[in-house]
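J.: To start, I am sharing the structure in question, which I have written as structure tokens.
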Amino acid sequence: MNKGELVDAIVEKAGVPKRTAESVLSATLEAIVDAVAEGQKVTLVGFGSFESRVRKAREGRNPKTGPRWTFLRRWCRHFPPESLFGRGLAVRTPKKTKNSRRGKGAFWHPLCFRFLSCLFRMEPA
């Protein structure tokens, strides 16, 4: 689902004009991004929390060749889902296949990561 399809779903469920739904969705996303960029945590009860965290600098190495280098400190996006969002995903998880990772951690749809990465584009301070 892209932003246009989400606007259409809002129009259908809320019964508001398309322009209104589009402007409200854009304003909501912009407010979330601005708040997280300022270092605030945005919590939508029953859905999840949007926040940014700092990953410490660390040392890494290439296991094949052995050279070491340092990963610099950086900001990362974090979205811990809450019960309502988690239940919605649990119902829609794919069937277990031979190479499935089901049961080995939470299932995240790739589009969820794409959506969240678009929300939190920021540079480390």
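The values are calculated or read from the model by the stated rules, or taken from the named source; none is laboratory data. If you're wondering where the values come from, they're calculated on a predicted model, not measured in any experiment. Here the Cβ positions follow ideal geometry from the backbone for every residue, glycine too, while neighbour counts run over all protein chains shown. Surface accessibility is based on the protein's heavy atoms, side chains included, excluding ligands, DNA and RNA. Shrake-Rupley method; radii C 1.70, N 1.55, O 1.52, S 1.80 Å.
J.: All but one of (1) modelled with pLDDT under 85; (2) part of a helix (DSSP H, G or I); (3) of a type in the set (K, R) hold for R19; state the number of the condition that does not hold.
T.: All conditions pass for R19, except number (1).
J.: Listed residues L84, L44; which is of a type in the set (A, V, I, L, M, F, W, C) and open to solvent by 90 Å² or more (accessible area, probe 1.4 Å)?
T.: Among L84, L44, only L84 is of a type in the set (A, V, I, L, M, F, W, C) and open to solvent by 90 Å² or more (accessible area, probe 1.4 Å).
J.: Which residue, of S26, S52, is in contact (Cβ under 8 Å) with a residue 12 or more places away in the chain, surrounded by 12 or more Cβ atoms within 10 Å (Cβ to Cβ) and among the polar types (S, T, N, Q)?
T.: S52
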